[in-house]
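Notes follow once the structure below has been shown.
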Amino acid sequence: MTLWEMAAVLAAGAGAGAINAVVGSGTLITFPVLLAVGLSPVTATVSNALGLVPGAISGAIGYRRELVGQRRRILRLGAVAAVGAVTGAALLLTLPESAFETIVPVLVGLALVLVVLQPWITRAVKRRRERTDVSPRPDGGLPLLAGMGLASIYGGYFAAAQGIIYLSLMGTLIDDTLQRLNAVKNVLAAIVNGVAALFFLFVADFDWTAVLLIAIGSTIGAQAGAALGRRFSPVVLRGVIVTVGTFAFVQLLLR
């Protein structure tokens, strides 16, 4: 990488760390940048997963106050997330790269739709809670475990917008505040990224320069996102994510 390319990857890591801590979908920032500096889609995905691990942990630490009293929930959902992450990572390396290049534009498109619909999803969850006579279960039951397992397989394969999927599932099926659920989301993202990263570390090709730059950037960005993210305009954040994600979508289609 040139110096400018390294600076771009570092900045993308910082942006992804901040966005992941607050909303999710930071991969839509880092992934197109890694493609732009010459990495193949699979190598970019693996390098991104490894690099975002410190940022995910940093984001979870930034929300540590909201994690108080949620140990049982985290252990329960974390176990499901770990199994899903291994499954998704194995699929990434088992399926041919041509399959990945076919599937990923669809996943990026799905992630962009989820980012755009996120405010509607949040409002729908809130209306459901206000109108239903039966509150969601504190643990979400089997539907939540199944949904989180599938979301974690997706996260192990390609992590874009997995945080939004987690929040929509937990917000619908668990009776708790969205801020506390967002804190759980950060822990689960750290587990998925960490488990997938351990898997990739021994069996996949990755770019150490990209990994280190994203790791540094995402760690710093996650702390800033946890501290200041609630003050940012959600419209601005979504606008940035959709713009960069659209760029990634177009770039993937033209490859």
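Structure notes:
- With the simple spin-label model, which puts each label point 7 Å out from Cα in the Cβ direction, the residue 93 to residue 110 separation comes to 2.2 nm.
- For the stretch 16-121, the orientation-averaged shadow of the C-alpha convex hull comes to 7.7 nm² (one quarter of the hull surface).
- Averaged over residues, the count of other Cβ atoms within 10 Å places the peptides 176-186, 30-40 in the sequence 30-40, 176-186, highest first.
- Of 48, 81, 104, farthest towards positive along the dipole that unit charges on Lys, Arg, Asp, Glu beta carbons give the stretch 1-109: 81
- The HN-Hα couplings worked out from phi for the stretch 13-18 by the Karplus form 6.51 cos²θ - 1.76 cosθ + 1.60 (θ = phi - 60°) are x, 5, x, 5, x, 5 Hz, whole numbers, x standing for Gly and Pro.
- About the Cα centre, charge dipole magnitude for the stretch 2-126 (Lys/Arg +1, Asp/Glu -1 at Cβ), debye: 900
- Electrostatic bookkeeping for residue 68 treats Lys and Arg as +1 and Asp and Glu as -1; over the other residues with beta carbon under 14 Å from its beta carbon, the sum is +4.
Values quoted throughout were computed directly from the atomic coordinates according to the rules given, and no laboratory measurement underlies them. Note that this is a predicted model, so its numbers are computed, not measured. Here Cβ is always computed from backbone atoms with ideal geometry, including for glycine, and neighbour counts include all displayed protein chains.
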